[in-house]
Amino acid sequence: MNDIFTLMKSELAVTAIIFLLLLIKIGKGVRNEALLPIIQVLLLINLISGFFFNKEGALFGDMFHTSTLIAFQKNILNLGVYLISLLFTDWLKKSQHMAEFFMLILSALLGMFFMISSGNLLIFFLSLELSTIPVAALANFDLEKKRSSEGAMKMILSSAFSSGILLFGISLMYGATGTISFAEIPAKLDGSSLQVLAFVFLFSAFAFKLSIVPFHLWTADVYEGSPIAVSSFLSVISKGSVAFIFISALYKVFQPMQAVWYNMLVILAVATMIIGNLFALRQQNIKRFLAFSSIAQVGFILVGMSSSDNTGVTAVTYFILIYVFSNLAAFGIASVISEHSGKENIDDYKGLYKTNPFLSWVLALALFSLAGVPPTAGFFGKLFLLTAGAAKGEYWFITIAALNMVISLYYYLRIVRAVFMDKNETPVDKIKLNDSVKLAFIICGAGIVLTGLFSWIFDFIQSLH
Amino acid sequence: MNLLLLLIVPLLTALAVLLSANGRQVKWLSFIGSLAQLALAFILLYTFEEERATGNTAQMLFEQRYPLFQSLNISLHFGVDGISVVMILLTAFVSIAGVLVSWNIEKMTKEFYFLLLLLGLGAYGFFISLDLFILFFFLEISVIPKYLLIGIWGTGRKEYSANKLALMLMGGSALILVGILGLYFVAGHSFDLTEIAKTTIPGNIQMIVFPLLFVGFGVFTALFPLHTWVPDGHSSAPTAGSMFLAGISMKLGGYGCLRVATYLLPEGAKEYANIIIALSAIAILYGAFATMMQKDLKYINAYSSVSHVGFSLLGIGMLTQTAITGALIQMVSHGLMTALFFAVIGMIYDRTHTRMVAEMGGLMKVMPFIATIFFIVGLCSLGLPGLSGFVAEMTVLVGSWQNNDVFHRVATIAAAMSIVVTAVYILRAIARTAMGPIKNAAFLQLKDAAWNEKLAAIILVAGILSIGIAPNWLNELLRPAAEIIMNRIAGK
């Protein structure tokens, strides 16, 4: 009984917050202005407590297992949710359903926690659903906007489709191995064609969630239609959680099939990087732009996954930590500007530096980090992904990845150029930032600069294995 | 000497600049900071000579090692040999001159100086790093400041040039990255230059990794045909930007070609030496002839840089000790000379608001100081004895001649012939700008150099003369380091 409280403490904490919000909501209505700080403080407490008393262990007949590394990965997601609660203050305060927003987001987070901790295919499927359905509701959060409903519809359809594929894969896997337990599957894998087929279905479901090419088609529309807070949640936290479980499934459960998935990863990584980059080149809308650039980022994550030792896990975890800071900062800027001026096109960012130097520098830092330019942490993150991927000695593969970094630099620089160099008669007005938004940008900026320079963070993640 | 000082001083200066209140403070802070850098560089030279005089013949002196990313075996490993000391001196000279000639920048002064100091920081870090990962970090750190300097404060087609420069340099970095990762795994998970130098790298790996590294670093130092960012980048950049680009950044590439590619992968270097020689001989001649066609002073210096830097690469490709020493002297000499050249062009442009040779004339009458400096730097460029250009090119050519087969001889003769072409375009440019009648009456009102410009020019001229008149101290510094590189190439 005691084990439940220690091993599942992150899940229990999130559940407690959800119920608290529910009680507040059905009790006397609390104004957004009063409720938001409470939520922010709760999330902060949740984040800080996530660093302590993490133990390794399993529950419920190995259906749920956790370790210090898993706890750290969960806490990266906690950090992301905390930052979201700060970054989108302006948008949240206007919303009529703020409590619901957090209930949904925390439910999805809970699903992700269970997913990362899952010990067999069924609990994995359940938690994946729990992490998806609330997000589909969230995508529809701008009720008055048609695009938002359209995005939600696309999201529901595509995730239902991918769930179908996943279930089919699970049933084939059960048929081929006679077990659904992650611990028992590896011993039963013998590389028969039925098992490979089942694996391909499972792989496709992951690919859907991570929007790996060719399963990426839903991404841009959903990101564009959803409120920016939801797009950022999808692109950072949702992807991060799936990447965590994906890599641990590949390395632990499907280790015997490494020859199969290594080739799949290499091909899909190359396709994802190239197609994500090429589409990002020509986007005008900042949300679509970030959608395609985040597809390309997933390509780099796959490069890191193609290693098969602990360095790969560390590199991916480290990269996602950095990605939380950099991508959320970029989405945050897009949201601030969209809230104050209604502008969402890259051309509208021209001359931003004249009126909003602070925002411009944060944006530049975030974009440089996404592009992998030193001294930002993104440089280290990308480099370690490539280092992990290079372990097999495939020079062409790493060369393609490295050259893709150059392509991505081109389009990130496009925005930098618009902000710092281009002239504009009607730039975005001077924006007075809310204190909590400012705090979030400072946290993101500090994270972008310091995560790389404080090298012990990487060593710390490596030591968690 | 503690090498970390070379990083801390520019970093603190940059931070102080960010926190300062007005443009005046920014300028003086930067000036004091770069003065401190210059002092540090001289102290380094002095302590280095002292240490060597006591008989310390270790390859690297003042080594320091701080673990960083331990699980990947990366550490901040610093150390200097003669080559690094010389390059650090060069960086300090160009930095202070760059700060001085930018004294009149009005637009976003703080940001300008911050980026300039960051560029210097990257160069110092690059030259003292003995860990390839950290070296790569410092190499890349300077790309974005260059992009912003050109894009924001530049002239002409600045956005295009800035983009082209950033993308080509990042492309080069991408190749370097792959090469470094290759070395990392071959050397048993180590980025450490001294560690990798101890391992024998299999021949087939050398054949893959050497071209990656050499071409990657080659992009930085205008290896033909990847030199195309040079003319655009240099001509669009603000004066100090061009000085840093040509004076320091291009030397990062040359240093990398020698220290990383050639030193670590001698078999690869031997295999590809002929290609390097052919490409650099083409670059020398092509650069010289292309310069003859230019009408804009900045383009003249940019194309002539391609030609001059070709001498460095030629020296490296020749793989003799004299030629490699010459290549290094050429890097320093060209760094000082081209920085001074761009400084003078900037001074002329600030006054006449044109860079077209045809629109000038008789500048000697209205601004004798600037015109005299222009004369000196031109003569240095065409290799007049007594100035640094002569020492450098002569050493490279003598070293090249030591290879006595037809191919090497032809390349050497071709390179030597470029000096004649250089004389033609330099003398013509000087004659048309400094001599003759004044073509524009408005020029009569122009003032000669201000104190800051004079100081910058004098500092750089002092550097040029110290190499030109007494090249021996430089030679003594570089020779032992070049010898170590040669020993590895010879398989000793």
Longest principal axis of chain B (C-alpha) makes with the long axis of helix B:132-141 (C-alpha) an angle, in degrees to the nearest 10, of 20
Once the in-chain neighbours fewer than 8 apart are removed, the lysines whose Cα is under 26 Å from B:LYS198 read A:LYS392, B:LYS251, B:LYS270, B:LYS492
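Just counting partner chain Cβ atoms within 10 Å, what average do the residues of peptide A:386-395 show around their Cβ?
Whole-number average of other-chain Cβ neighbours for A:386-395 is 4.
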Computed on Cα atoms only, the convex hull of the protein assembly as shown has an orientation-averaged projected area in nm² of 39.7
Of A:72-80, B:60-68, B:105-113, ordering from highest average Cβ density within 10 Å down gives A:72-80, B:105-113, B:60-68
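Highest first, please rank the peptides A:114-120, A:236-242, B:267-273 by the mean number of other Cβ atoms sitting within 10 Å of their residues. Could the numbers behind the result be given before it?
Working: A:114-120: 22.7, A:236-242: 25.6, B:267-273: 19.3.
Descending packing order for the listed peptides: A:236-242, A:114-120, B:267-273.
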Filtered hits (lysines, Cα-Cα < 22 Å from A:LYS25, offset >= 8 within chain) -> A:LYS93, A:LYS94
Of every Cα-Cα pair in segment A:107-183, the percentage lying beyond 21 Å is 37
Excluding residues fewer than 8 positions from B:LYS27 in its own chain, the lysines with Cα under 17 Å of it are B:LYS107, B:LYS110, B:LYS454
Counting lysine pairs in segment A:115-268 that sit 8 or more positions apart or on different chains, with Cα atoms under 24 Å apart, gives 9
Computed over chain B: longest principal axis from alpha-carbon atoms vs helix B:82-101 long axis, angle to nearest 10 degrees, is 20
Everything considered on the Cα gyration tensor (a ≥ b ≥ c; rounded for a/c under 1.5, else prolate if a/b is larger than b/c, else oblate), segment A:44-169 must be described as oblate
Honestly segment B:22-110 on the Cα gyration tensor test (a ≥ b ≥ c root eigenvalues; a/c under 1.5 rounded, otherwise a/b vs b/c for prolate or oblate) is just oblate
Within segment A:245-299, DSSP-loop trypsin sites (Lys or Arg not before Pro) with at most 16 other C-beta atoms within 10 Å are A:ARG282
Unit-weight point scatterers at every alpha-carbon of chain B, Debye formula, q = 0.07, 0.08, 0.11, 0.12 1/Å: log10 I(q)/I(0) is -0.33, -0.43, -0.84, -1.01
Relative contact order in percent for chain A (Cα pairs under 8 Å, 6+ apart) equals 15
Relative contact order as a percentage, segment B:5-490, C-alpha pairs under 8 Å and 6+ apart, gives 16
The Cα extents of segment A:296-396 along the principal axes, largest first and rounded to whole Å, are 49, 22, 21
In this structure, the FRET efficiency calculated for A:ASN424 and B:ASN104 from their beta-carbon separation, with R0 = 35 Å, to the nearest 0.05, is 0.85
P(r) of segment B:121-246 over all Cα-Cα pairs, 10 Å bins starting at 0, rounded to whole percent, reads 14, 40, 29, 14, 4
For the pair B:TYR349 and B:PHE42, the simple spin-label estimate (label points 7 Å beyond Cα toward Cβ) gives in nm 3.1
Descending packing, highest mean Cβ count within 10 Å first, for A:85-92, B:90-97 is B:90-97, A:85-92
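What FRET efficiency would be calculated for the residue pair B:LEU18, A:LEU197, taking the C-beta separation as r and a Förster radius of 51 Å, to the nearest 0.05?
Result of the calculation: an efficiency of 0.30.
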Expressed as a whole number, the average count of other chain Cβ atoms within 10 Å around the Cβ atoms of B:146-155 is 3
For chain B, the longest principal axis of the Cα atoms and the Cα long axis of helix B:297-318 enclose an angle in degrees, to the nearest 10, of 20
Percent of all alpha-carbon pairs of segment B:337-442 at distances over 17 Å, whole number, is 58
Dividing the alpha-carbon radius of gyration of segment A:2-463 by 2.2 N^0.38 Å, where N counts its residues, gives 0.93
Short to long, in 5 Å steps from zero, the percent of alpha-carbon pairs of segment A:194-334 per bin is 2, 10, 21, 24, 20, 12, 7, 3, 1, 0
Residues of segment A:99-127 with backbone N under 15 Å of the label point set 7 Å from the Cα of A:VAL30 along Cα→Cβ are A:99-103
Check: C-alpha center segment B:285-349 vs C-alpha center segment A:170-215, spacing in Å is 60
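The numbers here are math on the coordinates, done by the rules we state, and not lab data. Model, not experiment: these values are computed from the prediction. Cβ coordinates were reconstructed from backbone atoms using ideal geometry, including for glycine residues, and neighbour counts include every protein chain displayed.
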